[in-house]
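The values are calculated or read from the model by the stated rules, or taken from the named source; none is laboratory data. The shown structure was predicted, so the numbers you read here are calculated from the model rather than taken from an experiment. Here the Cβ is made from the backbone with ideal geometry for all residues, glycine too, and neighbour counts use every protein chain on show.
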Amino acid sequence: MTVRIAVAGKGGTGKTTFSSLMVRHLVEKGKTPVLAIDADPNSCLGAMLGTGQCQTIGDLREDLLKGKDDLPAGISKPQYVEMKVRTAMAEEDDFDLLVMGRPEGTGCYCYVNSVLRTFMDNLGEGYPYVVMDNEAGLEHLSRRTTNNVDAMFLLSDPSRIGIESAARVRDLAIEMELNVKHFHLVVSRANDGDALKPLAEEFGFDEVNLLPMDPKLQETSLDGTPLMKIDSRSKAYRAVQDIAKRHIPGM
Ligand SMILES: Nc1ncnc2c1ncn2[C@@H]1O[C@H](COP(=O)(O)OP(=O)(O)OP(=O)(O)O)[C@@H](O)[C@H]1O
Ligand SMILES: [Mg+2]
């Protein structure tokens, strides 16, 4: 059984930070290998995780479309796509990173997309945990790559607009029947959950999880230290550990 975790919400609220710290925690708990998926076209999950550059699914899609890589003999197209996706991943000791990259251009991608989607649907198999970091906003939901999720964390800043947009992502995911088992609001750069509770309840969240303001995160974003290496006493990291314990199956 694969546990699928998705992270979404408004721009700049801490989605990639939260995703990276979650990957790190899963690795530390020995839930390996973890599959990290960077579903943001302006990707930077790899930088936060400290991996090297890798080929993106977007590049692969273009290559397949151009037929640039002629199919080798004795291999079916789906097998070939799977092989290409596997080689496109950045493989670290305890986790693999798949970068979705740019969205499709204007050609006819139907066939390529359907082959890719079939593969993506089964991609988590073989990984106990998958963590998907999404781009800001709602657009990614319509691509339906974020379906069959056990826990979706909706990141927000401590503002009405932030919590409202988290609720909008939740409502659209429900409307589109993306099959998300649980939604959890996570407010970043906030220290007082009780003060936010009435606002959260107004938008239908019965609980406020906090990713507290953490000076260590500011330091790492300035000097570029990957979050896999952040001080384990970091407040934000400890908060992610606590959230995982309460909301992620098997943790
Ligand atoms: N709790 C926090 N304390 C201090 N700094 C934080 C906190 N949460 C996020 N940050 C900082 O805010 C910046 C934006 O965070 P991050 O890149 O994780 O947001 P994002 O939601 O992924 O943004 P985008 O929408 O651009 O993908 C980073 O520099 C990060 O270090
Ligand atoms: Mg991000």
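Name the residue, out of LEU172, LEU210, LEU227, that is within 16 Å of ligand 2 (Cβ to nearest atom) and touching a helix residue (DSSP H, G or I) at 6+ places or on another chain (Cβ under 8 Å). Give the steps one after another, and end with the answer.
Numbers: LEU172 fails: within 16 Å of ligand 2 (Cβ to nearest atom); LEU210 fails: within 16 Å of ligand 2 (Cβ to nearest atom).
On inspection, the qualifying residue turns out to be LEU227.
Only one of (1) among the hydrophobic types (A, V, I, L, M, F, W, C); (2) within 20 Å of PRO128 (Cα to Cα); (3) touching a Phe, Trp or Tyr at 6+ places or on another chain (Cβ under 7 Å) is not met by LEU65, so which one is it?
(2)
Can you report the number of residues in the stretch 65-88 which are touching a residue at least 12 places away in the same chain (Cβ under 8 Å) and among the small types (Gly, Ala, Ser)? Even if it seems obvious, please write down each step before you answer.
Step one: list which residues in the stretch 65-88 are touching a residue at least 12 places away in the same chain (Cβ under 8 Å), which gives 65, 69, 77-78, 81-82, 84-85, 87-88.
Okay, now just the ones that are also among the small types (Gly, Ala, Ser), so 88.
Summing the residues that are touching a residue at least 12 places away in the same chain (Cβ under 8 Å) and among the small types (Gly, Ala, Ser) in the stretch 65-88 gives 1.
Check off (1) surrounded by 15 or more Cβ atoms within 10 Å (Cβ to Cβ); (2) modelled with pLDDT of 95 or more for GLY193 and give me the number that stays unchecked.
Checking GLY193 against (1) surrounded by 15 or more Cβ atoms within 10 Å (Cβ to Cβ); (2) modelled with pLDDT of 95 or more, the one that fails is (2).
With the requirement that a residue be surrounded by 21 or more Cβ atoms within 10 Å (Cβ to Cβ), under 13 Å from VAL186 (Cβ atoms) and aliphatic (A, V, I, L, M), what does the stretch 209-243 give you?
Those that are surrounded by 21 or more Cβ atoms within 10 Å (Cβ to Cβ), under 13 Å from VAL186 (Cβ atoms) and aliphatic (A, V, I, L, M): LEU210, LEU211, ALA236, VAL240, ILE243.
Here are the criteria: (1) in contact with a Pro (Cβ under 7 Å, 6 or more places away or on another chain); (2) away from ligand 1 (no atom under 16 Å from the Cβ); (3) not in a loop (DSSP other than H, G, I, E, B); (4) not acidic (Asp, Glu). Tell me which single one MET48 does not satisfy.
If we test MET48 against (1) in contact with a Pro (Cβ under 7 Å, 6 or more places away or on another chain); (2) away from ligand 1 (no atom under 16 Å from the Cβ); (3) not in a loop (DSSP other than H, G, I, E, B); (4) not acidic (Asp, Glu), just (2) comes out false.
Mind counting the residues in the stretch 9-42 that are near ligand 1 (Cβ under 9 Å from one of its atoms), among the small types (Gly, Ala, Ser) and in a loop (DSSP other than H, G, I, E, B)? Spell out how you get there, then give the answer.
Keep residues of the stretch 9-42 that are near ligand 1 (Cβ under 9 Å from one of its atoms), which gives 9-20, 40, 42.
Now restrict to residues that are among the small types (Gly, Ala, Ser): 9, 11-12, 14, 19-20.
If we keep only those that are in a loop (DSSP other than H, G, I, E, B) too, we end up with 11-12, 14.
Looking only at that region, the number is 3.
Exactly one of (1) more than 15 Å from ligand 2 (Cβ to nearest atom); (2) among the aliphatic types (A, V, I, L, M); (3) more than 15 Å from the chain's Cα centre (by Cα) is unmet by ALA151. Its number?
Among (1) more than 15 Å from ligand 2 (Cβ to nearest atom); (2) among the aliphatic types (A, V, I, L, M); (3) more than 15 Å from the chain's Cα centre (by Cα), ALA151 violates only (3).
Across the stretch 205-232, what is the total count of residues that are more than 11 Å from ligand 1 (Cβ to nearest atom) and under 13 Å from LEU21 (Cα atoms)?
So the answer is 5.
Can you tell me which residue is farthest from ligand 1 (Cβ to nearest atom) among those in the stretch 133-157 that are part of a loop (DSSP other than H, G, I, E, B) and farther than 15 Å from THR17 by Cβ?
ASN148
If you take the residues in the stretch 17-45 that are of a type in the set (Val, Ile, Thr) and surrounded by fewer than 23 Cβ atoms within 10 Å (Cβ to Cβ), which one is farthest from ligand 2 (Cβ to nearest atom)? It would help to see each step written out before you state the result.
Within the stretch 17-45, the subset of a type in the set (Val, Ile, Thr) is 17, 23, 27, 32, 34, 37.
Still in the running and surrounded by fewer than 23 Cβ atoms within 10 Å (Cβ to Cβ): 27, 32.
Numbers: VAL27: 19, THR32: 23 Å.
Filtering first and then ranking leaves THR32.
So, in the stretch 162-181, of the ones that are part of a helix (DSSP H, G or I) and free of Cβ contacts under 8 Å to residues at least 24 places away in the same chain, which residue ends up nearest to LEU199 (Cα to Cα)?
The first filter runs over the stretch 162-181 and keeps only residues part of a helix (DSSP H, G or I), leaving 162-175.
After this cut, where a residue has to be free of Cβ contacts under 8 Å to residues at least 24 places away in the same chain as well, the list is 171, 174-175.
Working: ASP171: 17, ILE174: 21, GLU175: 22 Å.
This residue is ASP171.
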